[in-house]
Structure formats: structure tokens, C-alpha cells
1. Looking only at the stretch 60-94, count how many residues are loosely packed, with under 11 Cβ neighbours inside 10 Å and outside any helix (DSSP H, G or I).
2. Within the set of pairs 6 or more residues apart or between chains, which connect a residue that is farther than 30 Å from Ser111 by Cβ inside the stretch 65-88 to a residue that is of a type in the set (Val, Ile, Thr) and surrounded by 10 or more Cβ atoms within 10 Å (Cβ to Cβ) with Cβ atoms less than 9 Å apart?
3. Quick one: is Ile48 of a type outside the set (Ser, Thr, Tyr) and part of a helix (DSSP H, G or I)?
4. Restricting attention to the stretch 42-63, does a residue exist that is small (Gly, Ala, Ser) and under 17 Å from the mean Cα position of the chain (by Cα)?
5. Take Glu68 and tell me if it is within 21 Å of the chain's Cα centre (by Cα), over 30 Å from Val19 (Cα atoms) and of a type outside the set (Ser, Thr, Tyr).
6. Among the residues of the stretch 43-65, write down those that are small (Gly, Ala, Ser) and under 21 Å from Arg114 (Cα atoms).
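None of the figures in this text is laboratory data; all of them are computed from the coordinates on show. Here the structure is a predicted model, which is why all the values come from computation and not from measurement. For neighbour counting, all protein chains shown are included, and Cβ atoms are generated from backbone atoms with ideal geometry for every residue, glycine included.
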Amino acid sequence: MENGNKNKVERKREIVLRVCVTEAERELIYEKMRQYNTSNFGAYARKILIDGYVIAVDTADIKAMTAEIQKIGVNINQIARRVNSTSRIYEQDIEEIKRGIEEIWRLQRLSLSRVR
């Protein structure tokens with residue numbers, strides 16, 4: 001840097017692009033930024049301008065399915081401990097596992113139906 005520009009910040013991106021939009025277009029852009037889960041306009045604009053699109057993936061179904069699988073895992077561990085200590089398995093335990101598996105399949109079908 002030169003002596004007169006000690007406080008000047010060197011930027012990687014030196015070219016500024018500007019675009020004029022209406023109020024409605026600006027609100028639409030901000031809404032799409034919220035959907036993409038970003039508040040960084042520069043990063044969002046570069047992504048859109050370079051790639052032409054942004055894909056936001058909704059993972060709510062996967063999270064719900066993961067939670068159900070986790071619950072079933074906890075239940076199976078509890079049942080296994082009880083079987084190991086008593087050498088007995090109960091019909092209620094088996095039914096609980098079946099219900100959990102049915103819920104996983106229901107979530108799986110729901111998730112797949114939304115993709116189509």
C-alpha cells in the first residue's frame with residue numbers, strides 16, 4: 001500500500017454492479033433471501049447472477065424421521081436391557097417397536113409424495 005492509503009481496505013472484488021428495482025421487486029428479492037436463509041445481499045446476488053438459481057432444501061421431513069428413529073432406538077435399548085435382566089420379552093414391547101416402524105414408513109411415504 002502507498003503511504004497515503006494506510007487505512008484503505010484492499011478488496012478482492014473491486015467491480016461494483018448496480019441494478020434498479022421497484023419496491024415490489026425489492027420485497028420479492030428479500031423474501032427469496034429469507035427462503036435461502038441469508039441476509040447477505042452481496043453473497044445472494046453473486047450466487048443468483050453466476051448460477052442462475054438457488055435451491056433451498058426443506059429437511060423437516062428428514063429431521064422428523066430422524067427423531068422417530070432415535071426414539072425407536074431408545075425404546076429398543078430399554079427393551080434389550082429389560083430382556084437381558086429378566087430373560088423375558090413382552091408383547092407390548094414388540095407392539096411399541098412395530099408402531100415406531102410404521103411411523104417411520106408413514107413419514108417416508110409423506111416425504112416421497114412431496115418430492116413428486
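1. Going through the stretch 60-94 one residue at a time, the tally reaches 2.
2. Note: pairs meeting the criteria are Arg82/Ile89; Val83/Ile89.
3. Yes; evaluated as a whole, the condition is true for this residue.
4. Yes; the residues of the stretch 42-63 include at least one that is small (Gly, Ala, Ser) and under 17 Å from the mean Cα position of the chain (by Cα).
5. yes
6. Ala56, Ala60, Ala64
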